[in-house]
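Student: The structure that follows is given in the form of structure tokens.
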Amino acid sequence: MKPLSKNSLENFLKRFEYFKDGEFRDIIINSPTNITLNFAIQDASRGYDWITLKLEFDGISDASLLDSSNLAHIDMSEGVYLKNDGTEFAFKVNNSTFKIKSSSLKYEEGQF
């Protein structure tokens, strides 16, 4: 997994077009303060081919999650909101109540 920094966040979101029209595949709760999310999204740096992207949130201070069986019902057409205020990451799926706040964020790219 590669750490995501505040400075690289905007380029990361642009590369994956803010996850618009992606597919939310899975939530893995590793511990009360560590969660991994899996997405299928298009990658602009690969000619918009579909890839699997994992996001690992660590040091979670607040979260509003859904059961894995309800992920298929999340509308990803509006993408996600992801910001860093210098101390924590705030992640939210637009048009949803799904959100996570954490002190660190890492990502990993995989095959579709």
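The values are calculated or read from the model by the stated rules, or taken from the named source; none is laboratory data. The structure displayed is predicted, hence computed values, not measured ones. A quick note on method: Cβ atoms are made from the backbone with ideal geometry, for glycine too, and the neighbour counts reach across all protein chains shown. SASA here: full protein model, heavy atoms, side chains in, ligands and nucleic acids out. Shrake-Rupley method; radii C 1.70, N 1.55, O 1.52, S 1.80 Å.
Student: Would you please list the contacts, defined by Cβ atoms under 8 Å and residues six or more apart or on different chains, that run from a residue in the stretch 90-102 that is within 13 Å of Ile27 (Cβ to Cβ) and surrounded by fewer than 16 Cβ atoms within 10 Å (Cβ to Cβ) to a residue that is among the aromatic types (Phe, Trp, Tyr) and at pLDDT 95 or above?
Tutor: Matching pairs, first to second residue: Lys99/Phe91.
Student: I'm trying to understand the selection: among the residues of the stretch 1-25, which are charged (D, E, K, R), within 18 Å of Tyr81 (Cα to Cα) and assigned to a strand (DSSP E or B)?
Tutor: Glu23, Arg25
Student: Working only within the stretch 2-56, note down all residues that are out of contact with any Leu (no Cβ under 8 Å at 6 or more places or on another chain), open to solvent by 90 Å² or more (accessible area, probe 1.4 Å) and closer than 16 Å to Glu108 by Cβ.
Tutor: Residues satisfying the conditions are Lys2, Arg46, Trp50.
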